[in-house]
Amino acid sequence: MNRLTLTRPIGIQLLAGLLTIYTMGGFLLAIRMITEQDARYRWWIIVVAAAAFAVASGAATLAVWRIERRAPLLLIACGALGSALCLALPAAVPSEAIAPGMWRAAIQGAILILAFLLLAAWYVRSVVRARS
């Protein structure tokens, strides 16, 4: 019987799982916006931001899973693009249709995702250094 032993810390496994969900969510949002092309919104802004976030999340997922040296940098890029996606959502809505507090919520979401992925980058950097 061949037993597989996992040498990845549980934090790396959980982070890679979360990033996989981010990747799928980004692609799903981009695909949905492309197929609907709702004329009430500037849907192409959301498509570009969601696709960029999905690609960055996918690259970060693989780098984190493999515990590569470039993983922290990719997590920072993913956080920046995730923040851009948060800000793209109200930017795609016509100014007369923006709900009160929409920009504030988008800014808070952008700060939250960037802070989380910066913290994740710090954690991954410490794992990479410990393995060197």
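The values are calculated or read from the model by the stated rules, or taken from the named source; none is laboratory data. Everything numeric in this text was worked out from a predicted model, so none of it was measured. Because the Cβ atoms are built from the backbone with ideal geometry, glycine has one as well, and the counts that use them run over all protein chains shown. Just the protein is used for accessible areas: all its heavy atoms, side chains included, with ligands, DNA and RNA removed. Shrake-Rupley method; radii C 1.70, N 1.55, O 1.52, S 1.80 Å.
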State yes or no: is residue 40 more than 30 Å from residue 9 (Cβ to Cβ) and among the basic types (Lys, Arg)? yes
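Here are 53, 116: which of them is among the aromatic types (Phe, Trp, Tyr), part of a helix (DSSP H, G or I), open to solvent by 60 Å² or more (accessible area, probe 1.4 Å) and under 30 Å from residue 132 (Cβ atoms)? Give the steps one after another, and end with the answer.
Values: 53 fails: open to solvent by 60 Å² or more (accessible area, probe 1.4 Å).
Result of the check over 53, 116: 116.
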Please determine whether any residue of segment 93-105 is at pLDDT 95 or above and crowded, with 17+ Cβ neighbours inside 10 Å. no
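What are the residues in segment 12-44 that are hydrophobic (A, V, I, L, M, F, W, C) and buried (at least 19 other Cβ atoms within 10 Å of the Cβ), if any?
Listed by number, the residues that qualify are 12, 15, 16, 19, 29, 30, 33.
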State yes or no: is residue 20 modelled with pLDDT of 95 or more and more than 17 Å from residue 110 (Cα to Cα)? yes
Could you give every pair whose Cβ atoms fall below 9 Å, whose first residue belongs to segment 57-69 and is over 18 Å from residue 129 (Cβ atoms), and whose second residue is at pLDDT below 95 and buried (at least 23 other Cβ atoms within 10 Å of the Cβ), counting only separations of at least 6 or pairs across chains? none
Within segment 34-54, which residues are over 24 Å from residue 110 (Cα atoms) and among the hydrophobic types (A, V, I, L, M, F, W, C)? 39
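If you scan segment 84-104, which residues turn out to be assigned to a helix (DSSP H, G or I), over 25 Å from the mean Cα position of the chain (by Cα) and not small (Gly, Ala, Ser)? Step through it out loud before you land on a result.
Residues of segment 84-104 assigned to a helix (DSSP H, G or I): 84-91, 95-97, 102-104.
Keeping just the survivors that are over 25 Å from the mean Cα position of the chain (by Cα) gives 95-97.
Within segment 84-104, just 96 meets the criteria.
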